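First comes the structure, then the notes that go with it.
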Amino acid sequence: MKKVERLISIVMILLQREIVSATEFAHLFNVSKRTIQRDMEALGYANIPIYAEHGADGGYALMNEYKLDKRLINSQDVENILISLGGYDQLITNPDIQMTIQKIKSMTSLNMPTKLNLTFYDWSGRSEIKEDVALIDQAIEKN
């Protein structure tokens with residue numbers, strides 16, 4: 001397993017569980033505890049809010065503010081959000097918005113069927129709207 005895959009896996013595991021020990025991660029990925037410590041350091045440099053809990057029941061955890069309360073949004077809500085944003089990402093070139101859409105997509109299961117697919121690729125006014133949206137986005141960023 002490549003380091004990047006391991007780092008993503010660590011974050012995904014920490015999103016699911018409260019605390020995971022370095023020993024458990026080391027066994028899971030068949031690496032040393034020192035490698036896990038380096039991975040946690042790398043994730044910290046990437047601004048992933050991971051912290052260490054010391055003691056017998058200690059390990060690594062994500063700050064609660066980084067986790068989404070699963071009681072707030074169910075899979076149907078996520079699907080509705082993605083349907084709403086589905087066509088929008090074809091009009092926007094802002095990388096931050098595209099990253100947000102990808103994060104929302106990652107919250108869904110890979111085999112979730114799409115009930116509705118909106119597309120603006122063949123729409124005659126697409127290029128004008130894309131330019132207008134980019135101009136509005138720049139104006140908002142510059143206040």
Distance (nanometres) between label positions extended 7 Å along Cα→Cβ at SER21 and LYS3: 2.7
With a point put 7 Å past each Cα toward its Cβ, work out how far VAL31 is from ASN74 in nm, to one decimal. 3.8
Just check segment 11-58 against the gyration tensor rule for me: Cα atoms, a ≥ b ≥ c as the square roots of the eigenvalues, rounded for a/c under 1.5, and otherwise prolate or oblate depending on whether a/b exceeds b/c. rounded
Relative contact order of segment 1-81: what whole-number percent is it, with Cα pairs under 8 angstrom and at least 6 residues apart? 28
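A short reminder: the numbers here are calculations on the coordinates, not readings from a lab. Being a predicted model, the structure only gives us computed values, none of them experimental. Cβ atoms come from the backbone with ideal geometry, glycine included; neighbour counts cover every protein chain shown.
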